[in-house]
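The block underneath contains the structure these notes are about, expressed in structure tokens.
The values are calculated or read from the model by the stated rules, or taken from the named source; none is laboratory data. Bear in mind the structure is a predicted one, so any value in this text is a computation, not a measurement. Glycine also receives a Cβ, built like all others from the backbone with ideal geometry; neighbour counts cover every protein chain displayed. Each accessible area value is taken on the protein alone, full model and side chains, heavy atoms only, with ligands, DNA and RNA left out. Shrake-Rupley method; radii C 1.70, N 1.55, O 1.52, S 1.80 Å.
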Amino acid sequence: MPRRVFVPIALALLPAAALLTVMTPAGPAEAATRATTYYVSLGDSYSVGYQPNLGSTPGYTGYVARHTGLTLVNFGCGGATTSSILNSVGCPDVLPHTVGVVTYPTTTQIAAAQAFLTAHRGHVGLITVTIGGNDVTGCAAQANPVPCVGTAVNNIKANVTTLAADLRAAAGPEVPIIGSTYPDVVLGSYVWPHNPAPPSTVNLAKLSVTAFKLLINPALATAYASSGGSLVDVTAASGAYTSLTRTVNTMTYGVIPVPVASVCALTWFCAQGNIHARTSGYTLIGKLIVARYHTVKPR
């Protein structure tokens, strides 16, 4: 809805020349500056679209920028955790060609983003965050991963709650903050590095689904919601919660569970043991964020 402009009575008393000056539209440069609306991205390598042998790609942030018309400003850093995004100075893994990349060699990722949000308050249309995956990656190698995941989830919830609060304070009350989670790549261990997988690996894959569904994603959702943000459940959208008893016959891996086939198609894990998304996976994340954006953006 356009803003109504109320002209003070005193304005009617101005000389004609002064009135012309007051009501002259802004010049092209000023109008362009006012019209610029930014899309601010934070997070780990998912937020910069990393793919093996390709490096940084447009990823989901490029998709979101194209489909919202917002100008991407990307603070993402490969290898970031919920602790490093708050506390570590600089990014040791700045990927060349990252679209909209911003470097911050003397400050933390959150501080750099806060400075930008504060400087451009009123001109930010969307903030997205993908963080937390690197907090739990190491748990898969533990003999008993459950306690490891439990500890990691507590840290994730506390850190992301702080992160979301910092972003909200800098951006203002109306800017959408949308967090995203991940495909459950551990399901890919059904076929990588051994196909068929041994029983212990199959059990680990089953535990990973439970961890995402009951621990990791609820913690992230609560943390973002604490500051008026929301979470898109990429794990669910990528099919991880489908029953593992449902199978499909694939050309590459033979008969495997449907959720495994889905994660093979969306990520590089089944082919290379790499946790990152393929272009199809990043596109899925982008679509989820754009759909959520259209439901939560200010009218």
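Tabulated results
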item: Qualifying residue in the range 223-232 (condition: of a type in the set (Phe, Trp, Tyr) and under 20 Å from the mean Cα position of the chain (by Cα)); result: yes
item: Residues that are in contact with a strand residue (DSSP E or B) (Cβ under 6 Å, 6 or more places away or on another chain) and open to solvent by 60 Å² or more (accessible area, probe 1.4 Å), drawn from the range 279-292; result: ARG292
item: Test: THR295 is polar (S, T, N, Q), outside any loop (DSSP other than H, G, I, E, B) and surrounded by 14 or more Cβ atoms within 10 Å (Cβ to Cβ); result: no
item: Members of the range 117-138 found to be surrounded by fewer than 23 Cβ atoms within 10 Å (Cβ to Cβ) and part of a helix (DSSP H, G or I), listed by number; result: THR118, ALA119, GLY133, ASN134, THR137, GLY138
item: Search result, residues across the range 37-75 that are more than 11 Å from the chain's Cα centre (by Cα), closer than 17 Å to ALA291 by Cα and not basic (Lys, Arg); result: TYR39, GLY62, TYR63, ALA65, HIS67, THR68, GLY69, LEU70
item: In the range 260-276, the residues that are in contact with a helix residue (DSSP H, G or I) (Cβ under 7 Å, 6 or more places away or on another chain), surrounded by fewer than 23 Cβ atoms within 10 Å (Cβ to Cβ) and touching a residue at least 60 places away in the same chain (Cβ under 8 Å); result: ILE275
